[in-house]
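Inspection log for the structure reproduced underneath, given as structure tokens.
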Amino acid sequence: MTARRWQLAHGRHLDLGGKAVVVGVLNVTPDSFSDGGLFDAPEAALAQARRMIGEGARIIDVGGESTRPGAAAISASEEQARILPVIEALARSGDVLISVDTYRAETARLAVAAGAHIVNDVWGLQREPDIARVAAETGAGLIIMHTGRDREKLPDVIADQFAFLERSLEVARRNGIADDRIVLDPGFGFAKETAQENLELMARFSELHALGFPLMAGTSRKRFIGTVTGRDAADRAAGTAATSVILRLKGAHLFRVHDVAINVDALAMADAMLALENDRSGR
């Protein structure tokens, strides 16, 4: 797997390729689909962040608005009131990299000022394009996610990925964002309506390397895992870890998960196999 250096805000960077990078999900919300209300108090959020860091998360992804289907929208000020104290405290308390999960340009700006290193936009720069300008001006790393929400998708799952993400990349380039600041996320579960569609995206994941960017996988506790395993959302850690291994072997670099420890261990095994294969092939 080709090594890449991901440039981030505040003079930081992260080397991708050699080892899988686990991103811990920290939803500071009352209504997220599997952990809503568990970490919406700052003290509980910080305790969960420390737990995930101890289990091996390299990045903590802080979100203040639920992205589950049908979730109630909140105002920018409410989103900021939820996440900024947590980001500030994380930035003061340690060396962990911090990502902000938002599509709002002003929230992203304030989050980076508070100490976040990465902006994670689940609308792929296509809901509030000004977020690309914020990423460029702040030097933040940028995760551009694919979504099929609020539009008509192409029938082929990979063709739709390319059509959407190429538009997003054009927005990024128009705003002066360098390629070495960008990671792409195919958006498992975001208007991928059936388990079959998500499974096909997994099966064909390696085709996304033609876009030329590092890739993040966010399968954690998603509905399609429940369809396959019959498990409720809070009991999908093993199913998630299985998808993480599959996607690591297909070339994913980062893994956004709720259950850090099981995924760290599963990905360590995948990395050991990849290292052995590389040694045998002389790479």
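The values are calculated or read from the model by the stated rules, or taken from the named source; none is laboratory data. Predicted model, so just to flag it, every value in this text is computed and none were measured. Here the Cβ is made from the backbone with ideal geometry for all residues, glycine too, and neighbour counts use every protein chain on show. Heavy atoms of the whole protein, side chains included, go into the accessibility calculation; ligands, DNA and RNA do not. Shrake-Rupley method; radii C 1.70, N 1.55, O 1.52, S 1.80 Å.
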Practice task
With a 1.4 Å probe and every protein chain kept in, tell me what percent of the accessible surface of the chain is carbon plus sulfur.
Solution key: 51 percent
Completion exercise
A chain fully extended from A275 to T194 at 0.36 nm per residue, minus the present Cα-Cα distance, gains in nm 25.8 nm
Handout entry: Extension gain (nm, one decimal) between H10 and R149, 0.36 nm per residue minus Cα-Cα
Key = 46.8 nm
Completion exercise
Magnitude of the Cβ-charge dipole (Lys and Arg +1, Asp and Glu -1) of region 4-282 about the Cα centre, nearest 20 debye, reported as 340 debye
Completion exercise
Taking only the alpha-carbon atoms of the chain, the convex hull volume per residue, in cubic angstrom, is 119 Å³
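Would you list the membrane-span-like helices of the chain, meaning whole DSSP H runs whose alpha-carbon atoms span at least 27 Å along their axis and whose mean Kyte-Doolittle value is at least 0.5?
Values: long enough: 260-281 (31 Å, 0.57).
Long hydrophobic helices here: 260-281.
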Handout entry: Mean separation of Cα contacts under 8 Å, 6 or more apart, over the residue count of region 119-178: relative contact order %
Key = 44 percent
Problem - Sequence-separation-based contact order of the chain, relative, with Cα cut under 8 Å and 6+ spacing, percent - result: 19 percent
Practice task
Run the quick spin-label model on A81 and K19: label points 7 Å from Cα toward the beta carbon, then report their separation in nm to one decimal.
Solution key: 4.0 nm
Problem - Antiparallel content of DSSP bridges confined to the chain, in %, to 5 - result: 10 percent
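Counting only heavy atoms of protein chains, what accessible area per residue, in Å², does region 4-282 have with a probe of 1.4 Å? Walk me through the numbers on the way to the answer.
On the way: 11420 Å² over 279 residues.
Using a 1.4 Å probe on heavy atoms only, each residue of region 4-282 averages 41 Å².
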Fill in the blank from the handout: Here the gain from full extension of R204 to A3, 0.36 nm per residue of separation minus their alpha-carbon distance, amounts to 70.2 nm
